[in-house]
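Visitor: Before anything else, here's the structure in question.
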Amino acid sequence: MTEVFEERTRRCQQRLQAVDADGVVCFPSTNLYYLSGFREEPGERHLLLFVPAAGDPAFVAPEMYDEQLAEESWVADVRTWSDGDDPLDLVRDVAADLDLAGGRLLLDDRMWALFTQDLRAALPDAGFGLASEVLEPLRTRKDDAEVAALRRAAAVADDVSVAVRELGADAVGMTEAELAREIESRLADAGGEEPAFETIVGAGPNGAKPHHGHGDREIEPGDPVVLDFGAFVDGYPGDQTRTVVFDGSPPEEFDRAHRAVREALRAGIEAVEPGVTAESVDRAAREVVESYGYGERFVHRTGHGVGLDVHEGPYIVEGNETELEPGMVFSVEPGVYLPGEFGVRIEDLVVVTGDGCERLNDSPRTWQPL
Ligand code: CO
């Protein structure tokens, strides 16, 4: 297993050389895990991975991580500091040893300002950029094990989607928060590790706020309900959206809006193949929504890459000319939002294949009770 991480690090080094950068510095993040195999939440102590363009990487880490790093990471050069020491002394040492002190360093995009400020202060002769310059092209192309994990996570989300929709009229009268808890406990029962993001249950007018989360509103008969959820499986997230009616008749315009979104989803997915740009997928979905007269009400990009982070590249958005490649995994999730009335979003994950794409989700996309 550790070979995977070392192999990724070596490919990262090749890219560093290709873009004429001297090193990457990661802090606890999915980037750090991707390269080292060590997973930790961000914290206020200096825990930094230095990957030079050639040679072996090194950690600067609090001594309390000594044993964990030895067990979980393939990186052998671990320099520890104790609470009370100045970790920047070690940062200067490592930078000197790895020949980084005057170089162009690419910092973890999600590194806290606390650490970027310290690195700038400790290494005044270095220049700085963002690690996504070299890591995004690597991370967006999933290997078979990553795609397999994403497929399992999608299956968990699909299973729960079907089970929750089978509640039918029993869901009426539940609050959004109660239904979100129900979804999350079913995700766990189905093999999910933890929710990949705050579960969205947007009932009636709340569905018109794309990232509503969930609140105290009770689900009423005829409410369109946006259900957007997923859980991690083996470290990779599910992310799937359906807009459903549990019982009763929805507002008059709803069926048409739902049809627009479903057709846009299909058009977006049909546009996916190697060599086309990310923005062309956005356009394909958006044109359908526009043809229904809802262009102004599709207030977000069509999708986002999904991997160790639930939102990562490639972003399926106007202006992104990245060409799709086999192994890229992303969402296609058009939506229509009518403020004060309802929202509709339908989302599937797809993996780009040699000649098109494969959908990872297959639960019913209709709104009618199952
Ligand atoms: Co999504």
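Every number in this text was worked out from the coordinates using simple rules, so none of it is lab data. As the structure is a computational prediction, the values presented were derived from the model and not from experiment. Virtual Cβ from ideal backbone geometry, glycine too; neighbours counted across all protein chains shown.
Visitor: Which of the three applies to the chain, rounded, prolate or oblate, going by the alpha-carbon gyration tensor with a ≥ b ≥ c and a/c under 1.5 meaning rounded?
Guide: prolate
Visitor: May I pose another question? Which value in deg cm²/dmol, rounded to the nearest 500, describes the helix-derived mean residue ellipticity at 222 nm for the chain, given -39,500 (n - 2.57) per DSSP H run of n ≥ 4 and division by the residue count?
Guide: Dividing the helical sum by the residues of the chain leaves -11000 deg cm²/dmol.
Visitor: Of Gly102, Gln68, Val51, which is farthest on the positive side of the dipole of the stretch 45-102, counting Cα position, with +1 on Lys and Arg Cβ, -1 on Asp and Glu Cβ, and the Cα centre as origin?
Guide: Checked the options; the winner is Gly102.
Visitor: Report the Cα centroid-to-centroid distance between the stretch 323-343 and the stretch 76-148 in angstrom, as an integer.
Guide: Each part's Cα centre sits 33 Å from the other's.
Visitor: I've got another one for you. Relative to the present Cα-Cα distance, how much length would full extension add between Glu63 and Gln368 at 0.36 nm per residue of separation?
Guide: 104.1 nm
Visitor: Quick check on the exposure proxy: order Tyr236, Tyr315 from fewest to most C-beta atoms within 10 angstrom.
Guide: With the sparsest Cβ surroundings first, the list reads Tyr315, Tyr236.
Visitor: Let me ask you something else. Please sort by residue number the GluC sites (Glu not before Pro) in the stretch 1-101 whose DSSP state is loop and whose Cβ has at most 12 other Cβ atoms within 10 Å.
Guide: Filter output for the stretch 1-101: Glu44.
Visitor: Which order do Thr302, Thr80 fall in if you start with the one that has the fewest other Cβ atoms within 10 Å?
Guide: Ascending number of Cβ neighbours within 10 Å: Thr80, Thr302.
Visitor: Right, something else. Translational diffusion coefficient of the stretch 1-107 at 37 °C, 0.692 mPa s, Stokes-Einstein with Kirkwood Rh over Cα pairs, in µm²/s as a whole number.
Guide: D = 239 µm²/s.
Visitor: Right, something else. List residues of the stretch 83-125, by number, whose backbone nitrogen lies under 12 Å from a label position 7 Å along Cα→C-beta of Glu133.
Guide: Label zone hits: 103-108.
Visitor: While we're here: How long are the semi-axes of the ellipsoid equivalent to the stretch 266-370, from square roots of 5 times the Cα gyration tensor eigenvalues, in whole Å, largest first?
Guide: 23, 16, 13
Visitor: Quickly work out the Ala148-to-Thr116 label distance, labels modelled 7 Å from Cα along the C-beta direction, and quote it in nm with one decimal.
Guide: Taking the two extended label points, one gets 3.8 nm.
Visitor: May I ask you to compute the full-extension gain from Glu3 to Glu323, defined as 0.36 nm times their residue separation minus their alpha-carbon distance, rounded to one decimal in nm?
Guide: 112.3 nm
Visitor: Follow-up. Please report how far the C-alpha centroid of the stretch 296-318 lies from that of the stretch 350-370, rounded to the nearest whole angstrom.
Guide: 16 Å
Visitor: A further question on this structure: May I ask you to order 278-286, 199-207 by the average number of other C-beta atoms within 10 Å around their residues, highest value first?
Guide: 199-207, 278-286
Visitor: With θ set to phi - 60°, apply the Karplus curve 6.51 cos²θ - 1.76 cosθ + 1.60 along the stretch 199-216 and write out the HN-Hα couplings as whole Hz, x wherever there is a Gly or Pro.
Guide: Computed from phi, the couplings for the stretch 199-216 are 4, 9, 10, x, 9, x, x, 5, x, 7, 9, x, 10, 5, x, 8, x, 8 Hz.
Visitor: What list do you get for Phe330, Phe115 if you sort them by fewest beta carbons within 10 Å?
Guide: With the fewest neighbours first, Phe330, Phe115 line up as Phe115, Phe330.
Visitor: Give me the number: length gained by fully extending Ala18 to His211, i.e. 0.36 nm times residue separation minus the C-alpha to C-alpha distance, one decimal in nm.
Guide: Extra length available between Ala18 and His211 comes to 65.6 nm.
Visitor: Highest mean first, what order results for 180-187, 339-346 on Cβ atoms within 10 Å?
Guide: 339-346, 180-187
Visitor: Put a dot 7 Å past each Cα toward the Cβ at Arg11 and Asp125; how far apart are the dots in nm?
Guide: My value for the distance between the label points is 3.4 nm.
Visitor: Where does helix 144-165 land angle-wise versus the long Cα axis of the chain, in degrees 0 to 90, nearest 10?
Guide: The angle comes out at about 30 degrees.
Visitor: Could I ask something else about it? At a temperature of 20 °C and a viscosity of 1.002 mPa s, determine how fast the stretch 144-359 diffuses translationally according to Stokes-Einstein, using the Kirkwood radius over alpha-carbon pairs as Rh; express D in µm²/s, rounded to the nearest whole number.
Guide: Diffusion coefficient, whole number: 125 µm²/s.
Visitor: Explain nothing, just the number: dipole magnitude of the stretch 2-139 about its Cα centre with +1 on each Lys and Arg Cβ and -1 on each Asp and Glu Cβ, in debye rounded to the nearest 20.
Guide: Once rounded to the nearest 20, the dipole reads 620 debye.
Visitor: Further question: Need the C-alpha centroid separation for the stretch 15-31 versus the stretch 241-255, integer Å.
Guide: Taking the Cα centre of each part, the stretch 15-31 and the stretch 241-255 sit 47 Å apart.
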